[in-house]
1. Output the residue which, of all residues in the range B:253-277 that are among the hydrophobic types (A, V, I, L, M, F, W, C) and over 13 Å from the mean Cα position of the chain (by Cα), is nearest to B:L146 (Cα to Cα).
2. Please work out if B:F325 is in a helix (DSSP H, G or I) and within 11 Å of another protein chain (Cβ to nearest Cβ).
3. Here is a list: B:R348, B:R352. Which entry is more than 14 Å from chain A (Cβ to nearest Cβ), touching a Lys or Arg at 6+ places or on another chain (Cβ under 8 Å), among the basic types (K, R) and part of a helix (DSSP H, G or I)?
4. Filter the range B:249-273 down to the residues that are over 20 Å from B:E45 (Cβ atoms) and surrounded by fewer than 24 Cβ atoms within 10 Å (Cβ to Cβ) and list them by number.
5. Counting just the residues of the range B:120-158 that are of a type outside the set (A, V, I, L, M, F, W, C) and farther than 30 Å from A:I310 by Cα, which one comes out surrounded by the most Cβ atoms within 10 Å (Cβ to Cβ)?
6. Have a look at B:G111, B:G117 and point out the one that is closer than 25 Å to B:F191 by Cα and surrounded by fewer than 24 Cβ atoms within 10 Å (Cβ to Cβ).
7. Could you say whether any residue in the range B:122-142 is of a type in the set (V, I, T), within 12 Å of another protein chain (Cβ to nearest Cβ) and either touching a Lys or Arg at 6+ places or on another chain (Cβ under 7 Å) or over 19 Å from B:L229 (Cα atoms) (or both)?
8. Say whether the condition of being of a type in the set (D, E) and part of a helix (DSSP H, G or I) is met by at least one residue in the range B:247-259.
Amino acid sequence: MEFLESILVTPFIEIWESPYYFIELVLVGLSTGVLYSLVALGFVLIFKASGMFNFAQGAMVLFSALTLVGLMEHGVPLWAALILTVATMVGLAFLVERFMLRHLVNQEGLILFMATIGLNFILEGTGQLMWGSDVKRLEIGIPDQPFDILGGKILLNTFDVTAAFIGALLVVSLAVFFQKTPMGRALRAVADDHQAALSVGIPLKTIWIAVWTIAGIVALVAGIVWGAKSGVQFSLSLIALKALPVLILGGFTSVPGAIVGGLIIGVGEKVAEGFWGPALGGAIENWFAYMLALAFLVFRPQGLFGEKIIERV
Amino acid sequence: MFYREAGQFKTTYQGDQAVFPVFQDKVAVILVILAAYAVPLVADEYWLQAIFIQFLVFALMAIGLNILMGYAGQVSLGTGAFAAVGAYACYKLTTNIEGMNVIVAILLSGGCAAAVGVVFGLPSLRIKGFYLAVATLAAQFFILWLFNKVGWFYNNNPSGTITAPPRELFGVLITGPSASPEARYIVCLTFLIAFAWFAKNLVRGRIGRNWMAIRDMDIAAEIIGIRPLQTKLLAFAISSFYCGVAGALMIFCWLGSAETEAFDLANVSFRVLFMIIIGGLGSIGGSIMGAAFIVLVPIFLTNFPPMVGLDISTALQKHLEEIIFGVMIVFFLIVEPEGFARLWQILREKLRKWPFPY
């Protein structure tokens, strides 16, 4: 009874009594959520363009961030390192297409998924082999100063605001790209059916290279933002696991879904940890996102913004 | 020349429906089983402990997951959690109930895992494909968190680990750190053979056909009168039962003691997934072959450089292992996406004709 009360009653009273703490948690959650969305975006892009659930997205975040930091440690200036890293991601896209995707055309989704887990191992191994596995600092000059709003009752961070801004910019440009350009249309066709797309003359090869390149660049942006926040290290590849509930909550095929899903998960996680965490023994962030997503899914099996699943016999 | 079914006429329905209708298959399987029981005579302790027992435990888990994924078509990444339920249930049962037979305890803990599996299988009615895969991750993270947080599950001991208590069967010590590896090996082997035989018979009967109908197209299956609720939940229950038993064996016969980390995503769930994909979805024999492959490859990669006299640092070797493992996975999926089971089929066809070209 006491336990139920501590879960069902006390947190709400606490929220009522300390609204500013609640708002602060929501804002922190929003800023984490943007970061989740950035990672989830990479997943959505590749899923939309090849029907492939790319588990290696997290490893790509790690790989690109490691390459950037590694280059900068060797004295390469930031702009040159950025260009080189982007070039590396393009090269990676080429290699993935040449040695993996080309041979897996029209395979089942599960086989493709397993292949990306293999790719995940390769990238994690290569990245750490080349640049070592210690934690690295990434200084790219995003200002990191707290400032007050609402008359000093709530603390915000310029860093989080910048990250949110970068995320929003990326999302808008991607949305335009997918909906308004011929390339975007071709991408959507490929996602529907590999063979049908080939037969109407869409160059599958180019499309795949393009989409993996874009996913690589999104991974790089995510890697830079996460890396600047908490250092570049192996655990970066684990944020892929944080992005998965975001994905299913928002829907695999929806760019806005990835954003809204990320924000919901970010806020839900922080608020739950802040108010419900003590009663449940803490560290609930690990599974809370999944449970939240699961609860949503039971009511909307295709996620919040996913395409409606139409089943025919 | 020696492997063909020509001339083996069946005169009864029973003979026609046998698990291994070809005489040579039957002989081969019996020989393999006998050889497996003879392994402790030749293998030393390291081989038994590090390779054979590990292989048996994972083969059992792979059969469990293959029932769910290969036959019933429900993608699950929660294998590790269900195995953990089995392990912790078995620990609680053996330490809290005096004089309980350890085999009974292992089977009961399989039952506990089945119950948990049913609960987490419920969303499968609404959610399909990758959505379901991610949803089962909820089970993975939640259950391991629960076992870490609630002291009751590990009897509130300060280290937070569960240790297999020594238990005897027919006067021979079979669990715990002081049990001989031979005895533990025999126990695991017997479990694997019995469960593989049971699974083989299950999937070719009515239940297995229902599962396959649901896998191939669940709406069509529903229309021809297969109840999706019962069929899917049964698949989750039986699959989790297998995983639970394997998890209990993992602690009691292989590791001796463990924390929840032994059951996490990378250590168990993904490994078992690799096993059934590489072995072949929808094949019991394939699960066993896949388990052998995935267990052996890392051991081989670890031992190979010292064998040929290469001296490389452990960090470098760890990363190289990762890369080679990844490359092998991708290569294998490209060459044979249907796994060892398919390779075995091709080999059989070839054997039947050999030495004639047609």
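The values are calculated or read from the model by the stated rules, or taken from the named source; none is laboratory data. None of these values were measured; they are calculated from a predicted model. So basically every Cβ, Gly included, is an ideal-geometry build from the backbone, and we count neighbours across all protein chains shown.
1. Residues of the range B:253-277 among the hydrophobic types (A, V, I, L, M, F, W, C): B:253-255, B:258, B:262-263, B:265-266, B:268, B:270, B:272-277.
Filter again for over 13 Å from the mean Cα position of the chain (by Cα), leaving B:253-255, B:258, B:262-263, B:265-266.
On the way: B:C253: 24, B:W254: 23, B:L255: 21, B:A258: 15, B:A262: 15, B:F263: 13, B:L265: 15, B:A266: 18 Å.
Filtering first and then ranking leaves B:F263.
2. On the way: in a helix (DSSP H, G or I): yes; within 11 Å of another protein chain (Cβ to nearest Cβ): yes.
Here the answer is yes, as B:F325 does meet what is asked.
3. Numbers: B:R348 fails: touching a Lys or Arg at 6+ places or on another chain (Cβ under 8 Å).
Being more than 14 Å from chain A (Cβ to nearest Cβ), touching a Lys or Arg at 6+ places or on another chain (Cβ under 8 Å), among the basic types (K, R) and part of a helix (DSSP H, G or I) holds for just one of B:R348, B:R352, which is B:R352.
4. Looking only at the range B:249-273, we keep the residues that are over 20 Å from B:E45 (Cβ atoms), and these are B:259-273.
B:E259, B:T260, B:E261, B:A262, B:D264, B:L265, B:A266, B:N267, B:F270, B:R271 - these are the residues of the range B:249-273 that are over 20 Å from B:E45 (Cβ atoms) and surrounded by fewer than 24 Cβ atoms within 10 Å (Cβ to Cβ).
5. To start, the set of residues in the range B:120-158 that are of a type outside the set (A, V, I, L, M, F, W, C) comprises B:121, B:123-124, B:126, B:128-129, B:131, B:136, B:140, B:148-149, B:151, B:154-158.
With the extra rule that they be farther than 30 Å from A:I310 by Cα, the set shrinks to B:148-149, B:151, B:154-158.
On the way: B:N148: 17, B:K149: 16, B:G151: 13, B:Y154: 21, B:N155: 12, B:N156: 9, B:N157: 10, B:P158: 7.
For the range B:120-158, the residue satisfying everything is B:Y154.
6. Working: B:G117 fails: surrounded by fewer than 24 Cβ atoms within 10 Å (Cβ to Cβ).
Being closer than 25 Å to B:F191 by Cα and surrounded by fewer than 24 Cβ atoms within 10 Å (Cβ to Cβ) holds for just one of B:G111, B:G117, which is B:G111.
7. To start, the set of residues in the range B:122-142 that are of a type in the set (V, I, T) comprises B:127, B:134, B:136.
Those still in the list that are within 12 Å of another protein chain (Cβ to nearest Cβ) too: B:127, B:134, B:136.
With the extra rule that they be either touching a Lys or Arg at 6+ places or on another chain (Cβ under 7 Å) or over 19 Å from B:L229 (Cα atoms) (or both), the set shrinks to B:134.
Looking through the range B:122-142, at least one residue is of a type in the set (V, I, T), within 12 Å of another protein chain (Cβ to nearest Cβ) and either touching a Lys or Arg at 6+ places or on another chain (Cβ under 7 Å) or over 19 Å from B:L229 (Cα atoms) (or both).
8. Taking the range B:247-259 first, the residues of a type in the set (D, E) are B:259.
Right, trim to part of a helix (DSSP H, G or I) and you get none.
The answer is no; no qualifying residue exists.
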